[in-house]
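Notes to accompany the following structure.
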Amino acid sequence: MTRVKLSMEDMALIATFERITGVSAIDVIRDQEGNRIIFVVRPKHLGKAIGKGGAAVKRASEELGCSIDIVEMADTVEEFVKNALAPARVEKVRIITQRDGSRVLSVSVISDDRGIAIGREGRNVARARILCRRHFDISNVTIA
């Protein structure tokens, strides 16, 4: 797992998120392309961050003025990519080392969940790519 550096703006976003949800995020990514903010929370804190009926994440989204995605951190890249692609049901994750030394994740999902894993306009797989690159030095994530 790689160490992540946060800017002052990132820390302010995390503080706002914590004030609204009661959950401290360990990372935040502003995804300009997807017009969203992605927060990474500690394991077992996802439910509280979302809130009953999604109330906490809705408040955060309204206050920050954009869509909010929340992903639960994991110790292994396999578990982390499963969390990043949720609610798609992942069957298998393969790490492929390329000739240049870069690593790619090939993720197999249940066929009925393929659309969920990819997401509208590829948003969900893009989220997985961003997060796996940032936290586990993975160059790409593909849905097999």
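Computed from the coordinates by the stated procedures, all read-outs in this text should not be read as laboratory data. None of the values given here were measured: they were computed from a predicted structure. Counting neighbours? That spans all protein chains shown, and the Cβs are built from the backbone with ideal geometry, glycine included.
Summary of values
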| quantity | calculated |
| --- | --- |
| Charge dipole magnitude, Cβ of K and R +1, D and E -1 - the range 8-72, Cα centre, debye nearest 20 | 400 debye |
| Within-15-Å neighbourhood charge of residue 68 [Cβ basis; K, R +1; D, E -1] | 0 |
| Within-12-Å neighbourhood charge of residue 130 [Cβ basis; K, R +1; D, E -1] | +3 |
| Other-chain or far-sequence residues with amide H under 5 Å of residue 74's (modelled H) | none |
| Residues 26, 20, sorted so that the one with the fewest Cβ neighbours within 10 Å comes first | 26, 20 |
| Span from the the range 14-40 Cα centroid across to the the range 46-125 one, whole angstrom | 14 Å |
| Beta bridges by DSSP in the range 8-72, antiparallel share as percent, to the nearest 5 | 50 percent |
| For 73, 8, order by how many other beta-carbon atoms lie within 10 Å, fewest first | 8, 73 |
| Formal net charge of residues neighbouring residue 31 (Cβ-Cβ distance under 15 Å; K, R +1; D, E -1) | +2 |
| Dipole in debye (nearest 20) - the range 1-118, about Cα centre, beta carbon charges: Lys, Arg +1; Asp, Glu -1 | 220 debye |
| Overall Cα dimensions of the range 8-72, principal axis frame, Å, largest first | 27, 20, 18 |
| Coil-residue trypsin sites (Lys or Arg not before Pro) of the range 47-144, DSSP, other Cβ within 10 Å capped at 12 | 99 |
| Difference of contour (0.36 nm per residue) and Cα-Cα distance, residue 6 to residue 44 | 11.4 nm |
| Estimated translational D of the chain in µm²/s (Stokes, Kirkwood radius over Cα pairs; 10 °C; 1.306 mPa s) | 102 µm²/s |
| Vicinal HN-Hα couplings computed from phi for the range 127-144 (Karplus, 6.51 cos²θ - 1.76 cosθ + 1.60; Hz; Gly/Pro x) | 4, 4, 4, 4, 5, 5, 5, 6, 9, 10, 6, 9, 7, 7, 10, 10, 9, 8 |
| Förster-model FRET efficiency, 25 Å R0, residue 134 and residue 112, C-beta, rounded to 0.05 | 0.30 |
| Charge dipole magnitude, Cβ of K and R +1, D and E -1 - the range 77-143, Cα centre, debye nearest 20 | 140 debye |
| Segment residue 75-residue 103, extension gain: residue separation times 0.36 nm, minus the distance between their alpha carbons | 8.4 nm |
| Theoretical ellipticity at 222 nm over the chain - DSSP helices of four or more residues, -39500 (n - 2.57) apiece, nearest 500 | -11500 deg cm²/dmol |
| Principal axis dimensions, largest first and in whole angstrom, of the range 47-114 by Cα | 45, 28, 21 |
| Span per principal axis, largest first, for the Cα atoms of the range 77-143 (Å) | 33, 19, 19 |
